[in-house]
Amino acid sequence: MDYNDELMRYQDDAEDRYDDYHDVEDMYDAYEDEEDDFENGLEGMEDDYDAYDDEYEDEDEYMDYEEDLYDDYTRTSIQKIDPNDRTLTITVKNTTDTAQEAVIFGGNQEVAQPDGVTVEVEESSHKEVREESKANPFKIAGMKYSVSSPLQFDNVLKITKRTASGSNNIQVYQPRNATSPQNFTQSLIDDDNFEMNVTGQDSLRLVINAETTAVFTFTIKARANMGNLLHGRNVAELSRVPRTTGLPQIDLLRRRRPTALGLRPRRTVRRRPARRGRPARSRFVGRRRVNSRRYPTTSWLRRRRR
């Protein structure tokens, strides 16, 4: 059997398979150009259905919000720290002729300073900061450190965490890591990567050289405010404004878009919804419903119907 004979055999077999539907096809052809004679509950709504796609062809306008706000649902409940209320300026002075160890923070221990060493907070007082850190701990992110003598930078800072059970954890910070030859002021360093958690258990210890003054400017990144409970708000507060470096080029690049009355600028985004296909129309053949998409509409069937 050659190829043509084999092809004709498959074609004859296919024709025999569709012969069983000739009665149904004839009835289907009779209804092809006629309207449905049954009630489907949708009479008079053809115009509304035809306008279904046109309704979604219109371009809708949506308000665009910053995507970062949707990264975490807790962002909407965390309170905001006032940019003018997130700085601690601490001055450490040693008026003696010998080096002494000064202790900053450490509210639980409340270690007294050595003779001739004073620790002052320009915004309030060191005692007040110690007391507030017990109930409202905060996190420092960024430090400016200025000294009267550049040799003071050789002394390391010890970040100490001491618990009431006796454990003592010490981390050493080297100020020289933040110095740079491009810094024309050799008595000032600005380290944006400095971080420290300040609770009643935490303290910052350093050796202050003889007759030397050191000024720390800490930036508070986050803190807990227990007073928010009285207003039914989240106790967590976060500063969303970038820390000021003092360099206009960097500060302007890190600055966010300005807002008015706390509202973000509105931007219009046009989206086109996807077109939905119409459902297949059903017709009744005899007493049962026949879907118009049930039977294939090939060119061979159309020739057979003729």
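Less than 17 Å apart at the alpha-carbon level, and either on another chain or at least 8 residues along: which lysines does that give for Lys144?
Cross-link targets: Lys93, Lys158, Lys221.
What are the residues whose amide H is under 5 Å from the amide H of Thr212, where those residues sit 5 or more places off or on another chain and H is modelled from the backbone?
Those lying under 5 Å, H to H, from Thr212 are Asn94.
Reachable lysines from Lys161, Cα under 17 Å, same-chain residues fewer than 8 places away excluded?
The reachable lysines, counting only those whose Cα sits under 17 Å from Lys161, are Lys134, Lys139.
Suppose the chain between Ser146 and Asp2 were pulled fully straight at 0.36 nm per residue; how much longer would it get relative to their current alpha carbon spacing? Write down the numbers at each step before the final one.
Numbers: separation 144, 0.36 × 144 = 51.84 nm, distance 9.88 nm.
Result: 42.0 nm gained on full extension.
Work out how much length Asp97 to Glu128 would gain on full extension: take 0.36 nm times their residue separation and subtract the Cα-Cα distance, in nm to one decimal.
Once the chain is fully extended between Asp97 and Glu128, it gains 8.2 nm.
For the residue pair Ile170 and Asp13, what label-to-label distance in nm results when each label sits 7 Å from Cα along the Cα-to-beta-carbon direction?
Going by the 7 Å Cα→Cβ label model, 9.1 nm.
Starting from the exponent 0.38 and prefactor 2.2 Å, build the expected Rg for segment 82-223 from its residue count and divide its actual Cα Rg by it.
Details: Rg = 14.6 Å, N = 142, 2.2 N^0.38 = 14.5 Å.
Its radius of gyration relative to the 2.2 N^0.38 Å reference: 1.01.
Starting from the Cα gyration tensor of segment 74-144, take the square roots of the eigenvalues, sort them a ≥ b ≥ c, and report rounded, prolate or oblate (rounded when a/c is under 1.5, otherwise prolate if a/b is larger than b/c, else oblate). Kindly include the intermediate steps, with their values, before the conclusion.
Values: a/c = 2.99, a/b = 2.13, b/c = 1.40.
Prolate is the answer for segment 74-144, as a/c is 1.5 or above and a/b outweighs b/c.
Computed from the coordinates by the stated procedures, all read-outs in this text should not be read as laboratory data. Just so it is clear, the structure is predicted and the values come from calculations on it, not from any experiment. For neighbour counting, all protein chains shown are included, and Cβ atoms are generated from backbone atoms with ideal geometry for every residue, glycine included.
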